[in-house]
Structure formats: structure tokens, C-alpha cells
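Asker: Here it is: the structure, laid out below.
The values are calculated or read from the model by the stated rules, or taken from the named source; none is laboratory data. Everything numeric in this text was worked out from a predicted model, so none of it was measured. Quick reminder, even Gly has a Cβ in these numbers, built from the backbone with ideal geometry, and neighbours come from all protein chains shown.
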Amino acid sequence: MKKELIITIILAIPALNGCGIYTHYQRPEGLPTDSLYRDIPAGEDTTSLASLSWRELFSDPQLVKWIELGLEQNTDLQTAQLKVEEAEATLLSAKLAFLPSVSLSPEGSLSSFDGSKATKTYNLGASASWELDIFGSQRNAKESARALLEQSKAYQQAVQTQLIATIADTYYSLLKLDKQLIITRQTVENWQKNVRMTSALKRAGQADEAAVTQAEANRLEAEASILTLERQIHELENSFSTLLGMVPGDIERGEISNQDFPADMSVGIPLQLVSKRPDIRQAEYNLASAFYATNQARSAFYPSIVLGGSAGWTNSAGSMIINPGKFLATAIGSLTQPLFNRGANIAQLKIAKAQQEEAKLSFQQALLNAGSEVNDALVKYQTARDKAGLFEKQIASLEKAYESTSLTMLYGNTTYLEVLTAQQSLLSAQLTQVANRFMEIQGVINLYQALGGGRE
């Protein structure tokens, strides 16, 4: 009877597989994969900034050196690599579940009754068991483990992308602060000249004490700004060192005025985000894993079939001692049908379905977040780029005003105080220009990261 039942079940495998016990994951329909960008020209090139390796995007040799060091020593990235290795081991275990389990069980005994001659018995045998994966439980477990492996790889890539972007952002922050420190020190010198000039005018009766006091206050404010900038640089160097996995120290770096980037900032098409953004791939693989977990929960409603057997040599067959030993083999087939745990199986299936739906929503939200980040980064870059042209014109005008004021002073039509004022306006505009240049660079970094860049 049992044999007939097993045969019947085996013949029914094709029909059962068609009932959804084991099906392959398919991306859900209705997700916003084609409409994530706004204000992008209709004929946008499919080439994306993310297609560039980070070595092509960042040309500063000092920055390249620090990124290489960070990829080698950063502890978060090393932890992500270990998670990949753990997932690989889990997948290997799931694959090995398809193979029969074999065990050796040799045993022997020596017995004597009431001083009689000792009797030696032995059993040299091996046993094996193999569960037939008729209802896809093991296949679903394997595919779930495979999805988790890909998820861990995507997580590793996400950590790497974030690390590269953070290193670059911190590096350029240092360059910005360096330039602002130079300009601020020049500003202090300018206010010192202003204080001396105002004091001289006071002695000549052409200025009052309030003017001198105000000039001195402006000088002190500029000197306080120097201290603040020096503190920020020191703290940022410490954070940068920690990020690279090394003790705090000085950071070798270039100048912000010497930084170049590719002229083309194409974002490609929205669908590319699904394949390039590691966090989106991570979210989708999590959904795939939940999908297979749901299938595995369904398979728990169906019986399990296990084939087993043993073989070996023994000199003890029942109550008889036979020497030499004889070969003995047995084969067993068993079928287990769940009866009284159906309620628990139903509950587990409901949990699996809910978790799958949660994973789908997380995947959808990851797509929306990615689209928003691309849009924000693109607007940030374009705005800073447009403002850069305006600042260049402003500074050119202020430089001309400073030169004109300086020349006019030689002929006695302009005071030295007016010259200092023109110079101070120029320095203030240069500070703003440096901040905008950093915002432009930051827009490039954010856009590169948002599009899924960060590969070798």
C-alpha cells in the first residue's frame, strides 16, 4: 500500500509543481520603474554617469590613494565581505540537502555468561537516507538562500558605494575648508589694515571712536572664524582617518581649484537604477527570498517522502552468531503526512505571505527613494553649476572695482578705507564662490552615488 502511494505521488509531481508549490520569482508588475525622473529630456541617452568607474570620476591622485586605502582597511566593508561568505556557506548547505545523508556505524561487543568462553560480535555497516524533494521544499530553501547570497553581495556593494562617496565628500570638504582658511586669513590682514587706517583717521579728526571700535570688532570676528575653521579641519581629519581605518593624523591633499570632472552628467534611464543601485538590488533580492519562503511554507502542507537503507557485514543475525560475518542489506521507504500541525502550518503561511508583502513594499519604497535622490542630486548640481557662472562674473566685477578704487586712490579722489572696503567685498564673494564650488562637487558625488556608481 505504501509503495503504491509513493508511486502515485511521484506520478503527480508535474501537476503539483503547476499549483505554485515551486515557481520561479518574477518581478511584480505595476512598480514605478519607468517614471522615477522628472524634468529629464525625452531623448535622454541611456549612458549613465554610474557607468564610469570611480577611478574615471575622481582624478585627484591623493583622493585615489585614500579611496584605495579605505577599500582595503575600512571595517564596515570587511564586515560586509564576511556576510557574503556566511551567505555562500548557507547556500552550500542548502545545495547539500539534495544529497543523501550517509553515516557509518561500526560496533562490536565482547560478552561472557557465567565464566563461559567470551563471545565476540560485530556489525560493520553504513546507513543512508534521502528525502525526495517532490513538493519543492528543498528547492525553495535553496533559491531563498541564493537570493540571500545575492542580497549580501548587493549589501557589500552598497557599503562600498557609500564608502567611496563618503571618502570623496570628506576629502573635498577638507579642500573647501583649506581655501576658506586662506581667504579668511587674508580677511584678517585686511581688517588689521582697516583698524590701523581708521585709528589714523581718528587722530586726524576724520573718524570717531565708533568707527575704530567697529573695525576692531570685525577683525576679532574674522580671527574667531580662523579658529573655527582650524577646529573643523582638525576634526574632519580625525573623522577621515577613522573612516580609512587608521589612527588620526594629517591628511595629504590637493587644492579645490585644481579639481576636474567629466563634462557629461547623464543620468541614463530610470530602469537602469534597478540593475545599478545596490540598495535596490538588495531590496529586490529580499523580496525574492520572501517569495521562496512563502513557497516553502506552502510545501509544509504536503507529505515528505524519505528513502533509507543500510548495508554491511555482521556475525550477529538475530540470536545466532555466525562466523565469518555475512553481508546484510535493508531498504526502507517512509511517507510522513502532517495531520495535527495544520494550524501551525497555516499560521506560518500567513506570516510568510505578510513578510513577502512587506518586502514588496520595501522594494517599491527603495525605487521611490532612489528616484528622489537622483532628482535632488541633479538639481543640486545644476543649480550650483548655473550659480558658478554668476559668481565668476561677480568676482570679475569686484576685482575690477578693487583695481579701479586702488588706482583712483593714487590721485587723491578715493580714501584707503574705500579700497579696503572693496577688497573685503571681493574676499567675501570668494568665500561664497568656494562654498558654491564645493556644492557643485558634492552634487556630482551625490548624483554618482544615487545612480548606483562606485565600481572599479
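Asker: For region 230-261, enumerate the residues that are within 20 Å of residue 440 (Cα to Cα), surrounded by fewer than 13 Cβ atoms within 10 Å (Cβ to Cβ) and not acidic (Asp, Glu).
Answerer: 257, 258
Asker: Still on this structure, please answer the following. Assuming residue 337 fulfils every condition listed in (1) in contact with a Pro (Cβ under 8 Å, 6 or more places away or on another chain); (2) at pLDDT 90 or above apart from one, which condition is it?
Answerer: The failed condition is (2).
Asker: Checking residue 227 against (1) modelled with pLDDT of 95 or more; (2) surrounded by 13 or more Cβ atoms within 10 Å (Cβ to Cβ), which single condition isn't satisfied?
Answerer: Only one criterion is unmet by residue 227, namely (2).
Asker: Which numbered condition in (1) β-branched (Val, Ile, Thr); (2) modelled with pLDDT of 85 or more; (3) farther than 19 Å from residue 172 by Cβ is the only one that residue 198 fails?
Answerer: (2)
Asker: Free of Cβ contacts under 8 Å to residues at least 60 places away in the same chain and in contact with a Lys or Arg (Cβ under 8 Å, 6 or more places away or on another chain), is that true of residue 195?
Answerer: yes
Asker: Pairs only if they're at least six apart or on different chains, beta carbon under 7 angstrom, first in region 48-74 and closer than 17 Å to residue 254 by Cβ, second small (Gly, Ala, Ser) and part of a helix (DSSP H, G or I); list them, first residue then second.
Answerer: Going by the 7 Å Cβ cut-off, the qualifying pairs are 58/168; 63/168.
Asker: Would you say residue 222 is in contact with a Lys or Arg (Cβ under 9 Å, 6 or more places away or on another chain), in a helix (DSSP H, G or I) and touching a residue at least 40 places away in the same chain (Cβ under 8 Å)?
Answerer: no
Asker: What do you reckon, is residue 181 modelled with pLDDT under 90, assigned to a helix (DSSP H, G or I) and out of contact with any Gly (no Cβ under 7 Å at 6 or more places or on another chain)?
Answerer: Criteria not met by residue 181.
Asker: Listed residues 254, 249; which is modelled with pLDDT under 90, of a type outside the set (S, T, N, Q) and not in a helix (DSSP H, G or I)?
Answerer: 249
Asker: Taking residue 97 as the residue in question, decide whether it is modelled with pLDDT of 85 or more and farther than 30 Å from residue 267 by Cβ.
Answerer: Values: modelled with pLDDT of 85 or more: no; farther than 30 Å from residue 267 by Cβ: yes.
No.
Asker: Would you pick out the residues in region 148-176 that are under 23 Å from residue 237 (Cβ atoms) and small (Gly, Ala, Ser)?
Answerer: 165, 168, 173
Asker: Here is a further query. Within region 385-403, is there a residue that is touching a helix residue (DSSP H, G or I) at 6+ places or on another chain (Cβ under 9 Å), among the basic types (Lys, Arg) and part of a helix (DSSP H, G or I)?
Answerer: Yes: region 385-403 contains one or more residues that are touching a helix residue (DSSP H, G or I) at 6+ places or on another chain (Cβ under 9 Å), among the basic types (Lys, Arg) and part of a helix (DSSP H, G or I).
Asker: Quick one: would you say residue 356 is surrounded by fewer than 16 Cβ atoms within 10 Å (Cβ to Cβ) and assigned to a helix (DSSP H, G or I)? If you could, list the steps in order and put the result at the bottom.
Answerer: Working: surrounded by fewer than 16 Cβ atoms within 10 Å (Cβ to Cβ): no; assigned to a helix (DSSP H, G or I): yes.
Against the criterion (surrounded by fewer than 16 Cβ atoms within 10 Å (Cβ to Cβ) and assigned to a helix (DSSP H, G or I)), residue 356 does not qualify.
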